[in-house]
Amino acid sequence: MAAGPIILDMPWNGTSYSPPAALDVNTLESAITAQLQAAAAKTGNPLGQIEIVQFPDKPASYRMTHRVGAALIGYRGAKYGALDDTGAVVQERTLTFGVNLMVRALGWSLGAGGAGQSPGGYALLDAVRAALTGFAPPGCRKMYPLRERFAGRDPQGGVWTWSIDFAIDTMAVEPSTAPNYPVFIKGVALDAGAQTTAVAAGASYIFNGQGQVVLAAGNVSAVRVAPSGGGAPYVEGIDYSVDAINGTVQLLPGGAIAAGAVALISYAYADSVVAIAGSTDAPTAPSN
């Protein structure tokens, strides 16, 4: 018989992600790009005057065509901490994302002066830092800057390139797998210390069609089976066997007990508690 569903003590209030792998690199890179684009949409923000895109798949052939500049968001790599669990792979994961800022001038807004009305590289660099510092993608801690550096200048195109890197801390957890062990269906906790032992006086029982007697309690001991009309008791292991946990007596082939026979049975029993998966009431209930 298939086991019913396991009933939780309270409703599930966790988080469902869409897409399911919410911490994959592409999802995080897209979230960072969207954050910069949202900052660029604000009135007066210098980022609104440049192109903001994810890093191209062929960077060697990329040429900036925007008249002011471009911000290219790309994944730099990650490092992993020590294992935090002995039963599963759980590690801190620190991802690094970089923004390559390409501009045609440096000091139009800040710095050593210059001509024109467009923002210069220094102002744009500060705007990128302000937009991403403290931003927390779903499932991650807040981003924080690591370093800024000058990457070079293209003399032919007149493009200055600066790079600013940010770190994001999150957790790396091994993928879950289907259990390779039997699903919990029923468990019985027994009083093994004889603290609750009681005695059931002898009573007549009939062995059923399966040659079995089901007693009124489980966790039994000191079982005595004798003929109902009197005489020497039957011998356990020769005439019958006992399932002490479930409280059943089974006649054995070749023994002195006939099928359908009436026997006088006495026994002692102690408390036992049953836990059943999918129970709609209390998860545990006394069996006697």
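Computed from the coordinates by the stated procedures, all read-outs in this text should not be read as laboratory data. Only a predicted model underlies this, so the values are computations on that prediction, with no experimental measurement involved. Here Cβ is always computed from backbone atoms with ideal geometry, including for glycine, and neighbour counts include all displayed protein chains.
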(request) Please state the charge dipole magnitude for the stretch 186-286, taken about the Cα centre, from unit charges on C-beta atoms (+1 on K and R, -1 on D and E), reported in debye and rounded to the nearest 20. (result) 120 debye
(request) Quote to one decimal, in nm, the extra length available between Ile206 and Ala194 on full extension: 0.36 nm per residue of separation minus the C-alpha distance between them. (result) 1.5 nm
(request) Using a Förster distance of 30 angstrom, determine the FRET efficiency expected from the C-beta separation of Ser221 and Ala258, and round it to 0.05. (result) 0.70
(request) Measure off 7 Å from each Cα along the Cα-to-Cβ vector at Lys58 and Ala34, then give the distance between these two points in nanometres to one decimal. (result) 2.9 nm
(request) Work out the charge dipole of the stretch 25-173 with +1 on the Cβ of Lys and Arg and -1 on the Cβ of Asp and Glu about the Cα centre, then indicate which of Gly77, Pro145, Pro56 is farthest towards its positive end. (result) Pro56
(request) Could you please report the charge total around Asp169, scoring K, R as +1 and D, E as -1 over all other residues with beta-carbon less than 12 angstrom from its beta-carbon? (result) +3
(message) Rounded to the nearest 20 debye, what is the charge dipole size of the stretch 25-173 about its Cα centre when +1 sits on each Lys and Arg Cβ and -1 on each Asp and Glu Cβ?
(response) 400 debye
(message) I want the local charge near Ala244. Using Cβ-Cβ distances under 13 Å, sum +1 for each Lys or Arg and -1 for each Asp or Glu among the other residues.
(response) -3
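Please compute the length gained on full extension between Asp243 and Ala136, using 0.36 nm multiplied by the number of residues separating them and subtracting their Cα-Cα distance.
That pair, Asp243 and Ala136, stretches by 32.6 nm at full extension.
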(message) What translational diffusion coefficient, to the nearest whole µm²/s, does the stretch 131-288 have by Stokes-Einstein, given a Kirkwood radius computed over alpha-carbon pairs, a temperature of 10 °C and 1.306 mPa s viscosity?
(response) 72 µm²/s
(request) Find out how many positive minus negative residues lie around Glu148, taking Lys and Arg as positive, Asp and Glu as negative, among other residues whose Cβ is under 15 Å from that of Glu148. (result) +2
